[in-house]
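Written below as structure tokens is the structure these notes are about.
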Amino acid sequence: MSLTTNVDERPRREQVQVERAIAEMRAGRPVAILGDEPALAVSAESLDADLAAALEDLSRTARLVLPAPRLRRIGLSSRFEAGAVALPSVDPDRIAALALKVDGRIDAPVACPRRVDAVALELARLAQMIPAVVVAPVAAVPADALAVEPGAVEQFRTRQAASLAIVSRAPVPLDGAPEAEFVVFRGGEGLRDHVAVVIGRPDRGEPVAVRVHSACLTGDLFGSLKCDCGDQLRGTARWMAENGGGIILYLDQEGRGNGLANKIRAYDLQAKGFDTYAADAALGFGLDQRRFDFAAAMLRCLGVDTVRVLSNNPEKIAALSEAGLTVVGAQRALGRVTPENARYLAAKRDVAGHALDLGPFACAEVTGG
């Protein structure tokens, strides 16, 4: 059997290349990024003394690449989306202070990022690691390092959305919504599966009620009081069952796309006084890392192109419209306000512009207003 690919199969081959690179970065192994300046990239959170020594043996011009939110946190205002800090030596303690510690402070000039730096950060984000990478230019790529083309990483998310496909489906009766079907999609964001939950029998000839819901393990499954996610999810399912049906897109985008580990890191910072967005920024993340183009593709696969969105988030509503769906209206999806989540909800309202009223709606669930 030949594994040789032809020109038409190049995008598929490059997708596989990036998928393997994501796995390597998550495993803490360096990934070789090819191009005009070949370099090894390794997540700062994976760096230990042995790996640092190995990088020093291979490169004398390593640098630490940090995104703008982290640079601002450690004391540098940058007009660039990222910056590179020179590493005279690959010192794990210094790198941890600059990249990971909440009280870290910038200690050297920061250079403009190069293409390879941006690609390395994108790989870290795809791997749901802290967005901080050590980039070590090399004269020759080590034989045992997995290599990836820069363009393959840059096009990965868009190509994933285009490859979206239904892989399984079955009826799954829910509490409050006994007529429900789970439709599982592969593709879209990263290497994860996503689910469309079709409630009742929505009329595709009319605007379909849709909620785009990012997975929240703590709130959806364990009933965390720190957020309103579980209330929104279950309240939306009940509302759809009582109002002509609808579709919930349940997307594996934990922690606004940052991943579960980083979400829990952010929770630790929130326990120390940070609000939800300041905590993410301290870790190097922007307001929201999620993309919703594949959510629109999921709806099209289900024969839906005109929607009424149940969401408090204006970005989600705009993203579906920008992806080519006809959005005819929106309504809020409200959950309980608790002493534990009031600050979180206030930050979503004041920082990200969510449509939330924390006064008279303290006990409201999904409403039609």
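The values are calculated or read from the model by the stated rules, or taken from the named source; none is laboratory data. Just so it is clear, the structure is predicted and the values come from calculations on it, not from any experiment. Please note: Cβ atoms are built from the backbone with ideal geometry, for glycine as well, and neighbour counts cover all protein chains shown.
Can you name the residue in segment 311-326 that is buried (at least 18 other Cβ atoms within 10 Å of the Cβ) and of a type outside the set (Gly, Ala, Ser) and is also modelled with the highest pLDDT among such residues? Taking the candidates together, the pick is Leu325.
Looking across segment 296-310, the residues that are in contact (Cβ under 8 Å) with a residue 60 or more places away in the chain and of a type outside the set (Gly, Ala, Ser) come down to Met298, Leu299, Cys301, Leu302, Val304, Thr306, Val307, Arg308, Val309, Leu310. In segment 238-263, the residues that are under 13 Å from Leu217 (Cβ atoms) never reach a residue that is in a loop (DSSP other than H, G, I, E, B) and among the hydroxyl-bearing types (Ser, Thr, Tyr) with C-beta atoms less than 6 angstrom apart, at least six apart or across chains. Starting from residues that are touching a residue at least 12 places away in the same chain (Cβ under 8 Å) and acidic (Asp, Glu), keep the ones in segment 90-146 and report whichever is nearest to Pro38 (Cα to Cα). Here the answer is Asp117. Asp57 falls short on exactly one of the conditions (1) surrounded by 15 or more Cβ atoms within 10 Å (Cβ to Cβ); (2) farther than 30 Å from Leu269 by Cβ, and that condition is (1). Criterion applied to Val195, Val133, Val184 was being of a type in the set (A, V, I, L, M), under 21 Å from the mean Cα position of the chain (by Cα), modelled with pLDDT of 95 or more and closer than 22 Å to Ser46 by Cα, and the one residue passing it is Val133. Inside segment 86-117, can you point out the residues that are within 25 Å of the chain's Cα centre (by Cα) and buried (at least 18 other Cβ atoms within 10 Å of the Cβ)? Scanning segment 86-117 gives Ile95, Leu98, Ala99, Leu100, Gly104, Pro113, Arg114, Val116, Asp117. Look at (1) on the phi > 0 side of the Ramachandran plot; (2) touching a Leu at 6+ places or on another chain (Cβ under 7 Å) and you find that Gly104 fails only one, number (1). Of all residues assigned to segment 293-303, at least one qualifies as being more than 17 Å from the chain's Cα centre (by Cα), modelled with pLDDT of 90 or more and not in a helix (DSSP H, G or I).
Among the criteria (1) surrounded by fewer than 19 Cβ atoms within 10 Å (Cβ to Cβ); (2) modelled with pLDDT under 95, the one Ala161 does not fulfil is (1).
Tell me which residues, restricted to segment 53-112, are among the charged types (D, E, K, R) and assigned to a strand (DSSP E or B).
Result: Arg63, single match.
Among the residues making up segment 236-263, those that are polar (S, T, N, Q) and part of a helix (DSSP H, G or I) are Thr236, Asn262.
Taken together, the residues in segment 84-99 that are in contact with a strand residue (DSSP E or B) (Cβ under 6 Å, 6 or more places away or on another chain), of a type in the set (Gly, Ala, Ser) and within 18 Å of Ala124 (Cβ to Cβ) amount to 1.
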